[in-house]
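Each value in this text was obtained by applying a stated rule to the coordinates, not by laboratory testing. All values reported here derive from a predicted model rather than from experimental measurement. Cβ atoms come from the backbone with ideal geometry, glycine included; neighbour counts cover every protein chain shown.
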Amino acid sequence: MPDNQDACPSTPGPANSSGCPQTNPDNDGDGIPNSSDSCPNQSGPASNNGCPVTDPDSDGDGITDSNDACPGEFGIPLLNGCPEVGDNDGDGVPNDIDECPQSAGPASNDGCPVIEAPGSTDAGGPVDIASGPVQAPQVVSMVGLLPRLHNRT
C-alpha cells in the first residue's frame, strides 16, 4: 500500500485495515479474533469456540456422533441420541400408533394380537375374533331389575 494511502505508514499492516496493524488479529482466518478464539492457529466454528470440530454431530441433535447410538437420526439424550418412537414388541407397528405396544400383533389389528373369542368355532362358520386389548368382562347389576319385573302383573 503506498504511503500516501496508508493510515499508518511507519507501521506495517494489511490493506483491509488501511495499512495499520490489526488490533485484534485472526491468525487462522475463521472470523473469530484471536482474543476470543480458543484455537487461534486452527480454524473452527464459533459454536466450537474457534476450534476445529473433531467429533461432529451429523444429525444435529446435540449429541456428538461418538456418543450417539443413532448418529444418522435426530434423537434425544435419554435414549442415547436415538429417536423417541420405537417398537417395543417388534411387530413392525411403531409404539406411537400401536394399541398394544407390549404385545405383538399385525398392523391390520392396530398392533394388537389377534385373539379368538371364547367359545368360537371356526369349522365352516363365521370367524369370531376379538381385536384390540383384551377387556375384563362387564358386571351387570341386578339392582332394580326385580321390582320392575314384579310390577308387570
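Annotation: average projected area of segment 1-124 is 13.5 square nanometres, based on the convex hull of Cα atoms across all directions. Close amide-amide hydrogen proximity is noted between residue 8 and 20, each under 5 Å apart and 5 or more residues distant or on a separate chain (H modeled in the peptide plane; Pro and chain starts excluded). The simple spin-label model puts a point 7 Å past each Cα toward its Cβ; for residue 35 and residue 95 those points are separated by 5.1 nm. Listed peptides 7-15, 101-109 appear in the order 101-109, 7-15 once ranked by packing, highest mean of other Cβ atoms within 10 Å at the front.
Estimated at 0.36 nm per residue, the fully extended path between residue 46 and residue 3 surpasses their Cα-Cα distance by 11.9 nm. Structural size metrics of segment 54-96, computed from C-alpha coordinates, are Rg and Dmax of 11.5, 39 Å. The residues neighbouring residue 19, those whose beta-carbon lies less than 9 Å from its own, together hold a net charge of -2 under the Lys/Arg +1, Asp/Glu -1 convention.
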